[in-house]
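First comes the structure, then the notes that go with it.
The values are calculated or read from the model by the stated rules, or taken from the named source; none is laboratory data. All values derive from a computational prediction rather than experimental measurement. Cβ placement follows ideal geometry from the backbone for every residue including glycine, while neighbour counts extend to all protein chains displayed. Calculation scope for accessible area: heavy atoms of the full protein, side chains included, ligands and nucleic acids excluded. Shrake-Rupley method; radii C 1.70, N 1.55, O 1.52, S 1.80 Å.
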Amino acid sequence: MIDLNALKAKLAETCKIVITTHHKPDGDAMGSSLGLYNYLIQKGHHVKVISPTDYPYFLQWLPNNPEVIIYTDAVAESQALVADADLIFCLDFNTLSRINELGEEVRKAKAIKVMIDHHLEPEGFDDFRHWNINACATAELIYDFIVNLLNDGELINKDVATCLYTGIMTDSGSFRFPNVTANLHRIVAVLIEAGAENWRIHQNVFDNASEGRLRFLGYCLSNKLEVLREYNTALITASKEDIAKFDIQTGETEGIVNYALSLSGIKLAAFIVERKDKIKLSLRSVGTFPANEICKKYFNGGGHRNAAGGQSDESLETVVAQFKAVLPEYKNLLLQ
């Protein structure tokens, strides 16, 4: 590990820097990555953002998005950039398996590896860590990194502010989750003062749906929602045929689980979807219910207490049955 002074000394030089984030990146992942990118280029560094996979179209308006390299579309270029980097920033993830094949390239790279993240149980591949599980979003930690650790608050320009606001807005559920603090609102005020247009950012992310996505949402709510009142639980399922029927693209299932959670009296919600190679689960909960514990114990996943995810190689029907079979274990907590 290196200390902050050593990192500052390195950043005082002109560096070749790679920024990467988890596969199928969301608003916090891309907002953090491009927020940091837009800061570092002001310092004169040579910076590349590499995403392990594609990501939603409703995030591709972010400032300098055209500079992002998709690893699966440019494997050789990405590998060369990682191998040649002086610094690699790993944002919004803390285990290298979260960046798929890119993980082994990062692991063997000689670069200083900087992890900035808010998830539980870091793997320990990093050389410098800015980590806080109480942070609402990695974008909040990027702000703290720039302003408080590097003392570069004057470089929070409109592009940086727009990206960081996007990350904070999306990972906070539009500022409604329990880890939204007074200090977070103070950060957001600074970002708006720096040029982040809060109304436009919300519109670009949330009012930019395809017709297929909207019809898919209606189909899920009318045909695939199951309410288990005996466990204060609701779930929505979607098969790969459903995904194909509505031509659902990357990121278009984001947030559907929250509709199940919005039902009165529901403490746990699940969205279980059949992808090409795996079954993916998204769990959301309220209060102290440990959604992350269920994902970790039973579905090869994890996350935050109220927002977690998992996966399985079993069939959709089997995974749904497994999820329901877990509920009696947590009945007392769900009925509190």
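Figures for the structure shown
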read-out	value
Count - residues of the range 40-70 that are more than 15 Å from Ile88 (Cα to Cα) and assigned to a helix (DSSP H, G or I)	8
Test: residue in the range 245-264 that is crowded, with 21+ Cβ neighbours inside 10 Å and touching an Asp or Glu at 6+ places or on another chain (Cβ under 6 Å)	no
Helices (runs of 4 or more DSSP H) (entirely within the range 163-246) containing at least 1 residues that are closer than 30 Å to Asp152 by Cα	182-193, 198-206
Counted residues, the range 34-92 - those being open to solvent by 20 Å² or more (accessible area, probe 1.4 Å), touching a residue at least 24 places away in the same chain (Cβ under 8 Å), within 12 Å of Leu102 (Cβ to Cβ) and of a type in the set (Ser, Thr, Tyr)	0
Residue selected from the range 142-155 under the condition closer than 15 Å to Asn5 by Cβ and in contact (Cβ under 8 Å) with a residue 24 or more places away in the chain, by the criterion surrounded by the fewest Cβ atoms within 10 Å (Cβ to Cβ)	Leu149
Every residue from the range 302-336 that is at pLDDT below 95, surrounded by 15 or more Cβ atoms within 10 Å (Cβ to Cβ) and not in a strand (DSSP E or B)	His304, Arg305, Asn306
Options Ala196, Ala139, Ala161; residue that is buried (at least 21 other Cβ atoms within 10 Å of the Cβ), in contact with a Cys (Cβ under 8 Å, 6 or more places away or on another chain) and closer than 22 Å to Leu59 by Cα	Ala139
Residues located in the range 292-327, provided they are touching a residue at least 60 places away in the same chain (Cβ under 8 Å) and of a type outside the set (A, V, I, L, M, F, W, C)	Asn292, Gly302, Gly303, His304, Asn306, Lys324
Residue under evaluation Ile2, criteria (1) within 15 Å of the chain's Cα centre (by Cα); (2) outside any helix (DSSP H, G or I), criterion not met	(1)
Checking Ala80 against (1) part of a loop (DSSP other than H, G, I, E, B); (2) more than 30 Å from Ile248 (Cα to Cα), the condition it does not meet	(1)
Qualifying residue in the range 18-29 (condition: surrounded by 15 or more Cβ atoms within 10 Å (Cβ to Cβ) and among the small types (Gly, Ala, Ser))	yes
Val273 vs. criteria over 20 Å from Leu120 (Cβ atoms), in contact with a strand residue (DSSP E or B) (Cβ under 6 Å, 6 or more places away or on another chain), assigned to a strand (DSSP E or B) and open to solvent by less than 40 Å² (accessible area, probe 1.4 Å)	yes
The range 92-128: number of residues that are assigned to a loop (DSSP other than H, G, I, E, B) and touching a Lys or Arg at 6+ places or on another chain (Cβ under 8 Å)	4
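Here is a yes/no grid of residues against (1) farther than 28 Å from Glu197 by Cα; (2) not β-branched (Val, Ile, Thr):
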| residue | (1), (2) |
| --- | --- |
| Val75 | yes, no |
| Asn100 | yes, yes |
| Leu120 | yes, yes |
| Ile133 | no, no |
| Ile142 | no, no |
| Gly153 | no, yes |
